[in-house]
Amino acid sequence: MKILIVKLTSFGDVIHTFPAISDLRSQRPDIQIDWLVEDSFAPFVALHPAISTIHPASFRRLRSPPSRWTRLPMEAIRLGRALRAARYDYVVDMQGLLKSAIPALLAGRGVAGYDADSARERAASRLYRWGIPVPRAMHAVERSRRLLAAAVGYTVPAGQGRYGLRVLDGRDSALPKPYTIAMHAASWETKLWPERNWRGVLEEITAGGRSVVLPWGSPDEKARAERLAVDIDGVHVMRSMLSGADLARVVSGAEFAIGLDSGLMHLATALDVPGIWLFGPTDPGLTGPYGKDQTVLASRYPEAPCRRRTCDREPGGHCCMQAIDPYDVVDAIQALTGQS
């Protein structure tokens, strides 16, 4: 028996799905589990040992620039042939968006997914043969666990879900030991914390003799990391952009992590790295860190969590994040590390 999981993006959403995969493996070890995902996230899907085959899609990469659009039909044909050849017994769209529901149909089977009141886009539910109700007011990890259990037909295991990731041992000899990892980047402009605040916290961390590693995933993020590291001894900018198992090894080797609401936050949590996370425009009750030894500092700005990707309430547009006091962050670090 074979099942196809469809969760195309994004980094955090992919990681939120892993506990559901662990549930399925424990409850139905007879089922082969395959996954359809955008190619940029395929290396992270490969971290879960229960996944047999990964079908990488290139739809996201072909959307921009427009000159690539002519290649989209051929990508759909290629993917459809591969999915139909696999002859799946179950297809479950774990995302609930049109961009995931339509590719799920390429497998040539009926698709299960969230019903109209549960899906992130109601229109996506019209493409499913089986619509499954799942309360929206619960953490994304728990929603995924309940959706997959109902689609396949088993009871969600009691207790907190397990990510079950496999990370090989091995350490970058260029990194200090031990080190803290500071995840300063986020996909929304409104999730970013002011650089002056970051520098103050980095100075406090390194003043206690700790080293800090700054990862990055784009030229802009690298430039920010380099600005944050200027004239602070003990702060190290990663030499290159990492992904998949290489990035997981660096994250898992950290003494603790500090950062923003991002995919890296979810990866650190999935790897059982203690963390301190700053939340402004997003709701930690729905998409916060799901794991042990995690501290959330939520903004006290009156409109937080506003869920705005851009903001013009105040100059700079970082209203929610500016309301998080660096001294509260330092206090949280001291509480986590046992410093006085």
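The values are calculated or read from the model by the stated rules, or taken from the named source; none is laboratory data. All figures in this text were calculated on a predicted structure; none of them were measured in a lab. Using ideal geometry, Cβ is built from the backbone for each residue, glycine included, and neighbour counts are taken over all protein chains shown. The area values use the complete protein model at the heavy-atom level, side chains included, leaving out ligands, DNA and RNA. Shrake-Rupley method; radii C 1.70, N 1.55, O 1.52, S 1.80 Å.
I'd like to check which helices (runs of 4 or more DSSP H) are fully inside the range 1-112 and have at least 1 residues that are open to solvent by 60 Å² or more (accessible area, probe 1.4 Å) and of a type in the set (K, R).
Numbers: elements: 11-27, 42-45, 59-62, 72-86, 98-105.
Of the helices (runs of 4 or more DSSP H) lying wholly inside the range 1-112, those with at least 1 residues that are open to solvent by 60 Å² or more (accessible area, probe 1.4 Å) and of a type in the set (K, R) span 11-27, 59-62, 72-86, 98-105.
Please pick out the residue among L242, L271 that is crowded, with 20+ Cβ neighbours inside 10 Å, out of contact with any Cys (no Cβ under 7 Å at 6 or more places or on another chain) and either under 27 Å from Y290 (Cβ atoms) or modelled with pLDDT of 95 or more (or both). Let's see the steps before the verdict.
Numbers: L242 fails: crowded, with 20+ Cβ neighbours inside 10 Å.
Only one candidate passes the filter, namely L271.
Any chance you could count how many residues in the range 172-227 are among the small types (G, A, S), in a helix (DSSP H, G or I) and open to solvent by less than 20 Å² (accessible area, probe 1.4 Å)? Working first, answer last.
Residues of the range 172-227 among the small types (G, A, S): 173-174, 182, 185-187, 200, 207-209, 211, 217-218, 223, 225.
Subset that is in a helix (DSSP H, G or I): 200, 207, 223, 225.
This time we only want the ones that are open to solvent by less than 20 Å² (accessible area, probe 1.4 Å), so: 225.
The number of residues fulfilling the criteria is 1.
Inside the range 280-313, can you point out the residues that are under 18 Å from H184 (Cα atoms), open to solvent by less than 30 Å² (accessible area, probe 1.4 Å), in contact (Cβ under 8 Å) with a residue 40 or more places away in the chain and not β-branched (V, I, T)?
G280, P281, G288 - these are the residues of the range 280-313 that are under 18 Å from H184 (Cα atoms), open to solvent by less than 30 Å² (accessible area, probe 1.4 Å), in contact (Cβ under 8 Å) with a residue 40 or more places away in the chain and not β-branched (V, I, T).
Among helices (runs of 4 or more DSSP H) lying entirely in the range 263-337, which contain 2 or more residues that are not hydrophobic (A, V, I, L, M, F, W, C)?
Result: 263-270, 284-287, 326-337.
For the range 117-134, give me the residue count where each residue is over 21 Å from the mean Cα position of the chain (by Cα) and in contact (Cβ under 8 Å) with a residue 12 or more places away in the chain. Lay out the reasoning, then the answer.
Here is the first cut: in the range 117-134, the ones over 21 Å from the mean Cα position of the chain (by Cα) are 117, 122-133.
Then drop every residue that is not in contact (Cβ under 8 Å) with a residue 12 or more places away in the chain, which leaves 117, 123-125, 127-133.
Here the count works out to 11.
The conditions are (1) modelled with pLDDT under 95; (2) among the small types (G, A, S); (3) open to solvent by 20 Å² or more (accessible area, probe 1.4 Å), and A248 fails exactly one of them. Which is it?
Failed condition: (3).
Residue pairs, Cβ under 6 Å, 6 or more apart or interchain, first in the range 156-168 and at positive phi, second outside any loop (DSSP other than H, G, I, E, B). List them.
If the second residue must be outside any loop (DSSP other than H, G, I, E, B), the pairs left are G164/S22.
So which of Y114, Y88 is within 23 Å of Q160 (Cβ to Cβ), over 19 Å from the mean Cα position of the chain (by Cα) and hydroxyl-bearing (S, T, Y)?
Details: Y88 fails: within 23 Å of Q160 (Cβ to Cβ).
The match here is Y114.
Residues that are more than 22 Å from T190 (Cα to Cα), out of contact with any strand residue (DSSP E or B) (no Cβ under 8 Å at 6 or more places or on another chain) and assigned to a loop (DSSP other than H, G, I, E, B): does the range 244-261 have at least one? Let's see the steps before the verdict.
First, the residues of the range 244-261 that are more than 22 Å from T190 (Cα to Cα): 244-256.
From the residues that got through so far, the ones that are out of contact with any strand residue (DSSP E or B) (no Cβ under 8 Å at 6 or more places or on another chain) too are 244-249, 252.
Right, trim to assigned to a loop (DSSP other than H, G, I, E, B) and you get none.
Scanning the range 244-261 turns up no residue that is more than 22 Å from T190 (Cα to Cα), out of contact with any strand residue (DSSP E or B) (no Cβ under 8 Å at 6 or more places or on another chain) and assigned to a loop (DSSP other than H, G, I, E, B).
Condition first: surrounded by fewer than 20 Cβ atoms within 10 Å (Cβ to Cβ), touching a Gly at 6+ places or on another chain (Cβ under 9 Å) and modelled with pLDDT of 90 or more. Now tell me which residues in the range 145-171 satisfy that.
Q160
Determine, yes or no, whether S218 is closer than 30 Å to H318 by Cβ and of a type outside the set (D, E). I'd like the intermediate steps shown before the answer.
Working: closer than 30 Å to H318 by Cβ: yes; of a type outside the set (D, E): yes.
Yes: the conditions hold for S218.
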